[in-house]
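What follows is a single structure, and I will ask about it in a moment.
The values are calculated or read from the model by the stated rules, or taken from the named source; none is laboratory data. Not measured: the values here are computed from a predicted model. All Cβ positions, even for glycine, are placed from backbone atoms using ideal geometry, and neighbour counts span all protein chains on display.
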Amino acid sequence: MTALRAALPHLRIQVMYGLTECKRTAIMPPDGDLDHPGSCGLPLPGTEVFIVDDAGDRLPAGEIGQIVVRGPNVMAGYWRRPELTDERFPRTEGLFPELHTGDYGWQDKDGYLYFSGRRDDLYKERGFRLSTTEVEAAATRVDGVTSAAVLPPEGKRTALLAVVADLTADQVREGMRDHIEPFKIPRRCVRLDALPTNGNGKVDRKKLAALIEQDPPASVTTEALQARLAH
């Protein structure tokens, strides 16, 4: 947003959140992100948005859970897919469907919605629920970082940040302090010359995890990792 406003100083930005199943859900007043950074805005008139835990119980302000939407903009279900419709559009009061979005986030005490990521983007470490999307975005905002990917904790492996950067791993982690809370910064960071991708051009996390050893050095090329894996 900062770079966009610097390039187009007269531009007014209006952040929104929505899905195919309900179109727009929340909208921010023009330039409202300046007062509520990171928020998607407030629910549209007549639309109810709330957060639930894994058991389906509503969560209080500030706690991360699944985003649920209820209102006239929510579709009735999926065509000829009754099981998926029952899963994603339960009718808790027998009347109107509630869309369980599969997106996770939280609301503040004023009702502003904050998106954290999809279920697969979230992980827990040191007692906190964290988002790979948020951590990766913070890393790429550091000058000198071209791209970034987070491997969530698995087994004995703690969360690991892989970056393509002109900086050292320590410099990347230090630079992230300007963009994200320190407790969200992975304690392990490795530099690569490129991140492995799949056929869609997205980061292939399984391949990335296979390439990186349990205790990688601070900087290593993808070719070196591939050669090491081959042995």
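Residues are listed down the side, and each one gets a yes or a no for (1) aliphatic (A, V, I, L, M); (2) assigned by TED's automatic domain parsing to the domain that holds residue 16; (3) closer than 30 Å to residue 205 by Cα:
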residue: 43; (1), (2), (3): no, yes, no
residue: 66; (1), (2), (3): no, yes, yes
residue: 75; (1), (2), (3): yes, yes, no
residue: 80; (1), (2), (3): no, yes, no
residue: 95; (1), (2), (3): yes, yes, no
residue: 99; (1), (2), (3): yes, yes, yes
residue: 105; (1), (2), (3): no, yes, yes
residue: 113; (1), (2), (3): yes, yes, yes
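Further question: Can you confirm whether residue 66 is within 20 Å of residue 91 (Cβ to Cβ) and either in contact with a Phe, Trp or Tyr (Cβ under 7 Å, 6 or more places away or on another chain) or surrounded by 12 or more Cβ atoms within 10 Å (Cβ to Cβ) (or both)? Before the answer, list the steps.
Details: within 20 Å of residue 91 (Cβ to Cβ): yes; either in contact with a Phe, Trp or Tyr (Cβ under 7 Å, 6 or more places away or on another chain) or surrounded by 12 or more Cβ atoms within 10 Å (Cβ to Cβ) (or both): yes.
So residue 66 passes the test.
Of all residues in the range 140-163, which are part of a strand (DSSP E or B) and either in contact with a helix residue (DSSP H, G or I) (Cβ under 7 Å, 6 or more places away or on another chain) or not acidic (Asp, Glu) (or both)?
Of the range 140-163, the ones part of a strand (DSSP E or B) are 145-151, 154, 157, 160-163.
145, 146, 147, 148, 149, 150, 151, 157, 160, 161, 162, 163 - these are the residues of the range 140-163 that are part of a strand (DSSP E or B) and either in contact with a helix residue (DSSP H, G or I) (Cβ under 7 Å, 6 or more places away or on another chain) or not acidic (Asp, Glu) (or both).
Under 7 Å by Cβ, and 6 or more places apart or on different chains, what pairs join a residue from the range 93-112 that is polar (S, T, N, Q) with one that is exposed (fewer than 14 other Cβ atoms within 10 Å of the Cβ)?
107/61
Could you list, in sequence order, the residues of the range 153-165 that are buried (at least 18 other Cβ atoms within 10 Å of the Cβ) and of a type outside the set (Val, Ile, Thr)?
Those that are buried (at least 18 other Cβ atoms within 10 Å of the Cβ) and of a type outside the set (Val, Ile, Thr): 159, 160, 161, 162, 165.
Within the group 137, 165, which residue is of a type in the set (A, V, I, L, M, F, W, C) and more than 12 Å from the chain's Cα centre (by Cα)?
Values: 137 fails: more than 12 Å from the chain's Cα centre (by Cα).
When all the criteria are applied, what remains is 165.
Kindly evaluate residue 225 against the criterion of being surrounded by 12 or more Cβ atoms within 10 Å (Cβ to Cβ) and modelled with pLDDT of 90 or more.
Considered against the rule, which asks whether it is surrounded by 12 or more Cβ atoms within 10 Å (Cβ to Cβ) and modelled with pLDDT of 90 or more, residue 225 comes out as no.
So in the range 166-185, with the set limited to residues that are under 23 Å from residue 209 (Cα atoms) and touching a Leu at 6+ places or on another chain (Cβ under 9 Å), which one is surrounded by the most Cβ atoms within 10 Å (Cβ to Cβ)?
Here is the first cut: in the range 166-185, the residues under 23 Å from residue 209 (Cα atoms) are 166-173, 176, 183-185.
Right, trim to touching a Leu at 6+ places or on another chain (Cβ under 9 Å) and you get 169, 172-173, 176, 183-185.
Details: 169: 19, 172: 23, 173: 20, 176: 25, 183: 10, 184: 17, 185: 21.
Of everything passing the filter in the range 166-185, 176 is surrounded by the most Cβ atoms within 10 Å (Cβ to Cβ).
Taking the condition in contact with a Lys or Arg (Cβ under 7 Å, 6 or more places away or on another chain) and not aromatic (Phe, Trp, Tyr), does residue 103 pass?
Values: in contact with a Lys or Arg (Cβ under 7 Å, 6 or more places away or on another chain): yes; not aromatic (Phe, Trp, Tyr): yes.
So residue 103 passes the test.
Please verify whether the range 69-83 includes one or more residues that are of a type outside the set (A, V, I, L, M, F, W, C), more than 22 Å from residue 118 (Cα to Cα), free of Cβ contacts under 8 Å to residues at least 24 places away in the same chain and not in a loop (DSSP other than H, G, I, E, B).
Yes.
Still on this structure, please answer the following. Do you know which residues across the range 4-26 are more than 30 Å from residue 96 (Cβ to Cβ) and not in a loop (DSSP other than H, G, I, E, B)?
Residues of the range 4-26 more than 30 Å from residue 96 (Cβ to Cβ): 4-13.
Passing the criteria: 4, 5, 6, 7.
Something else about it: Confirm whether residue 156 is among the basic types (Lys, Arg), over 23 Å from residue 40 (Cβ atoms) and either touching a residue at least 40 places away in the same chain (Cβ under 8 Å) or not assigned by TED's automatic domain parsing to the domain that holds residue 207 (or both).
Values: among the basic types (Lys, Arg): yes; over 23 Å from residue 40 (Cβ atoms): yes; either touching a residue at least 40 places away in the same chain (Cβ under 8 Å) or not assigned by TED's automatic domain parsing to the domain that holds residue 207 (or both): yes.
Yes: the conditions hold for residue 156.
Quick one: in the range 182-216, of everything that is under 20 Å from the mean Cα position of the chain (by Cα) and small (Gly, Ala, Ser), which residue is modelled with the lowest pLDDT?
Filtering first and then ranking leaves 201.
Something else: Can you name the residue in the range 186-217 that is hydrophobic (A, V, I, L, M, F, W, C) and closer than 17 Å to residue 136 by Cα and, of all such residues, is surrounded by the fewest Cβ atoms within 10 Å (Cβ to Cβ)? Give the derivation first.
As a first pass, look at the range 186-217 and keep what is hydrophobic (A, V, I, L, M, F, W, C): 189-190, 192, 194-195, 203, 208-212.
Those left that are additionally closer than 17 Å to residue 136 by Cα: 189-190, 192, 194-195, 203, 208-209.
Working: 189: 26, 190: 23, 192: 23, 194: 11, 195: 20, 203: 19, 208: 21, 209: 15.
Step by step, filter the range 186-217, then rank; the result is 194.
So, restricting to strands (runs of 3 or more DSSP E) that lie completely within the range 91-139, which ones have at least 1 residues that are modelled with pLDDT of 90 or more and at positive phi? Before the answer, list the steps.
On the way: elements: 98-107, 113-118, 122-125, 128-131.
Of the strands (runs of 3 or more DSSP E) lying wholly inside the range 91-139, those with at least 1 residues that are modelled with pLDDT of 90 or more and at positive phi span 98-107.
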